[in-house]
Amino acid sequence: MSKGKFVIIDGNSLVYRAFYALPSLSTSHGESTNAVYGFTTMLMKLLEEELPQYVGVVFDTPAPTFRHELFGEYKANRSKMPDELGAQLPVIQDLIDSFNFARFEMEGFEADDIIGTLAIAATKENADVLIVSSDRDLLQLVRPGIRVMLVKKGITDTVIYNEEKVREEYGVPPALLVDIKGLMGDKSDNK
């Protein structure tokens with residue numbers, strides 16, 4: 001018996017997507033708002049279409065993770081967050097809090113780690129999990145009870161992956177995607 005739908009949002013992923021997908025927008029006082037507007041638009045569409053009983057939004061922290069300790073060059077090629085985007089994060093987090101959605105972040109761990117932990121734990125409670133992100137790494141979590149909605153282009157072009165869709169696109173089950181990444185390497189993680 002299902003205990004309802006739990007939507008887990010990869011906060012950083014969608015905030016970045018919104019920031020870069022939309023032209024620069026600002027208030028009459030010059031404060032940037034394109035990420036706030038785009039994130040809010042995606043959130044409202046998601047709530048309307050999915051009608052979740054539970055929503056959690058997961059963010060990375062600026063602190064290094066255990067991966068940085070294991071490999072000093074981990075994500076060394078990533079650019080620093082633009083100041084215009086960083087200034088919008090507190091507004092987006094206030095928005096999430098005003099909806100009374102759970103917000104998760106933990107120093108030493110990436111959002112992906114927390115998302116995976118939440119998703120697996122929720123399926124053990126018979127929840128139907130939908131992870132929303134633009135990060136293909138999360139496809140390895142797809143299994144019975146867990147689907148991933150990838151935001152592919154802009155802020156509205158999405159594709160939902162279940163086990164069949166992952167096999168169709170990659171030729172392997174979701175659990176083997178980590179092996180494929182291990183063999184191919186991942187430039188975004190500098191490995």
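Think of a 1.4 Å ball rolled over the protein heavy atoms: the chain then has 56 Å² of accessible area per residue.
Note on T40 and S98: their simple-model spin labels are 0.7 nm apart, each label 7 Å out from Cα toward Cβ.
When the GluC sites (Glu not before Pro) in region 78-114 are filtered for DSSP coil states and for at most 11 other beta-carbon atoms within 10 Å of their beta-carbon, the remaining sites are E107. Protein-only accessible surface at a 1.4 angstrom probe places the residues F99, F6 in the order F99, F6, largest first.
How much of the DSSP bridge set in the chain is antiparallel, in percent, rounded to the nearest 5? Intermediate values should be presented prior to the final figure.
Numbers: 7 of 25 bridges.
About 30 percent, rounded to the nearest 5.
Taking all protein chains together and rolling a 1.4 Å probe, S79 ends up with roughly 100 Å² accessible.
Can you put R143, R167 in order of accessible area, largest first, using a 1.4 Å probe? Spell out each step's value before the answer.
On the way: R143 95, R167 130 Å².
Sorted descending by solvent-accessible area, the residues read R167, R143.
When the Kirkwood radius is taken over all Cα pairs of region 112-191, what Stokes-Einstein diffusion coefficient follows at 20 °C and 1.002 mPa s, in µm²/s? Write out the running numbers ahead of the final one.
Numbers: Rh = 13.2 Å.
Roughly 163 µm²/s, to the nearest whole number.
Each residue was assigned an accessible area with a 1.4 Å probe, and for I180 the value is about 50 Å². Both radii come from the Cα set of the chain: Rg as radius of gyration, Rh as Kirkwood radius; their ratio Rg/Rh reads 0.96.
The values are calculated or read from the model by the stated rules, or taken from the named source; none is laboratory data. The model shown is predicted, which means the values in this text are computed figures rather than measured ones. So basically every Cβ, Gly included, is an ideal-geometry build from the backbone, and we count neighbours across all protein chains shown. Keep in mind that these areas ignore ligands, DNA and RNA; they rest on the heavy atoms of the full protein, side chains included. Shrake-Rupley method; radii C 1.70, N 1.55, O 1.52, S 1.80 Å.
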